Amino acid sequence: MLTVTDLTKTYKTGDKALAEVSLTVPKGQVVGLIGPSGAGKSTLIRCINRLVEPTSGKIALSGAELTGLGPRALRRERRRIGMIFQEYALVERLTVMENVLSGRLGYVSFWQSFTRRFPSADIERAYRLLDRVGLMEHADKRADALSGGQRQRVGIARALSQEPELLLVDEPTASLDPKTSRQIMRLLIEICAERGLPAIVNIHDVPLAQQFMQRIIGLRAGRVVFDGPPEQLTESVLTTIYGAEDWTAMRKDGEADRVAEAEAVARLAMISA
Ligand SMILES: Nc1ncnc2c1ncn2[C@@H]1O[C@H](COP(=O)(O)OP(=O)(O)OP(=O)(O)O)[C@@H](O)[C@H]1O
């Protein structure tokens with residue numbers, strides 16, 4: 001379980017990115033984090049994995065404090081947090097298997113990591129994870145030979161190879177087409193449920209968040225202005241989060257995507273008929 005209490009971050013520039021944010025994410029729950037540009041979503045994720053130093057407040061994972069740790073303890077604690085990125089952050093010239101194993105680098109000695117000799121338990125786990133994300137037959141391919149959806153599956157397997165207690169997911173589908181986005185989102189939700197993993201997903205696509213998330217947190221100007229199930233995310237709540245103008249524009253974009261997807265499907269059906 002992740003517990004964030006009164007988290008505040010003011011950057012040196014004077015920007016107050018987060019103001020007294022409190023939230024708890026229980027095991028197995030996937031939370032979608034939404035909000036307009038500059039609302040503080042990335043800052044919240046970065047404070048939790050301590051890439052950004054909070055100004056005040058507390059963050060605890062399974063009861064252990066993450067705030068106030070020295071560099072060594074912080075390195076150890078970071079292993080408990082798996083990260084999944086928008087642009088996948090894979091090492092392109094390495095194989096899929098090597099990329100998954102790189103999730104273990106925080107656990108092996110310098111020499112083992114330098115020579116890339118991983119314990120057999122790590123290799124077995126990596127194969128199991130590749131099987132789970134549907135990439136078993138691609139294990140020996142180079143990462144740069146994969147599609148976007150396959151790369152994100154490698155990113156998921158790599159994060160899981162850390163055996164994390166929390167997943168932080170930053171815009172996992174921003175570089176993917178709508179159908180692949182839904183497949184990736186479904187995979188994430190299933191995996192978190194299977195493993196009892198809590199997750200926070202920074203997500204721009206509101207309809208996708210509404211379709212898949214069990215809970216949505218809306219940030220505006222560094223404050224939590226909505227925290228509830230997707231059914232309660234009404235037009236008026238979305239207007240509170242995004243402001244009327246931005247929300248209307250986003251809704252139009254979403255509709256345009258759906259129309260484009262339906263047209264593409266219809267075209268394919270005609271070609272293959
Ligand atoms: N390194 C930084 N130094 C100074 N100010 C920053 C820094 N990073 C973010 N900010 C400011 O903090 C606020 C929140 O930014 P943040 O990137 O967390 O928002 P966001 O919701 O993730 O936005 P986006 O959706 O555009 O990525 C903004 O006002 C931003 O300008």
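Structural remarks
- Considering residues of region 44-56 that are more than 8 Å from the ligand (Cβ to nearest atom) and touching a helix residue (DSSP H, G or I) at 6+ places or on another chain (Cβ under 7 Å) only, the residue nearest to E163 (Cα to Cα): N49
- Restricting region 21-43 to residues that are more than 8 Å from the ligand (Cβ to nearest atom) and touching a Phe, Trp or Tyr at 6+ places or on another chain (Cβ under 9 Å), the residue that is farthest from D170 (Cα to Cα): V30
- Scoring S147 on the criteria (1) within 13 Å of the chain's Cα centre (by Cα); (2) surrounded by fewer than 16 Cβ atoms within 10 Å (Cβ to Cβ) leaves a single failure, condition (1).
- Search result, residues across region 12-37 that are open to solvent by 30 Å² or more (accessible area, probe 1.4 Å) and either among the aliphatic types (A, V, I, L, M) or touching a residue at least 12 places away in the same chain (Cβ under 8 Å) (or both): K16, E20, S22, T24, P26, K27, Q29
- Applying the set (1) open to solvent by 50 Å² or more (accessible area, probe 1.4 Å); (2) at positive phi; (3) modelled with pLDDT of 90 or more; (4) not polar (S, T, N, Q) to K141 leaves exactly one unmet item: (2).
- Residues satisfying the stated conditions in region 193-252, i.e. at pLDDT 90 or above and hydroxyl-bearing (S, T, Y): T234, S236, T239, T240, Y242
- Residue satisfying all of: in region 47-65; touching a strand residue (DSSP E or B) at 6+ places or on another chain (Cβ under 7 Å) and among the charged types (D, E, K, R); most open to solvent (accessible area, probe 1.4 Å) among these: K58
- Condition broken by L18, with the remaining ones in (1) in contact with a Pro (Cβ under 8 Å, 6 or more places away or on another chain); (2) within 16 Å of the ligand (Cβ to nearest atom); (3) farther than 30 Å from Q211 by Cβ satisfied: (3)
- Subset tally (residues that are away from the ligand (no atom under 16 Å from the Cβ) and either under 25 Å from I191 (Cα atoms) or at pLDDT 90 or above (or both)) for region 57-74: 7
- Among the residues of region 150-163, those that are under 13 Å from the mean Cα position of the chain (by Cα) and either among the small types (G, A, S) or open to solvent by 10 Å² or more (accessible area, probe 1.4 Å) (or both) comprise R153, G155, A157, R158, A159.
- Per the conditions (1) surrounded by fewer than 20 Cβ atoms within 10 Å (Cβ to Cβ); (2) within 30 Å of L23 (Cα to Cα), the sole criterion not satisfied by L166 is (1).
The values are calculated or read from the model by the stated rules, or taken from the named source; none is laboratory data. Owing to the predicted nature of the structure, the values given are computational and were not obtained by experimental measurement. Here the Cβ is made from the backbone with ideal geometry for all residues, glycine too, and neighbour counts use every protein chain on show. The protein model used for the area step is the full one, side chains on, heavy atoms only, and it has no ligands, DNA or RNA in it. Shrake-Rupley method; radii C 1.70, N 1.55, O 1.52, S 1.80 Å.
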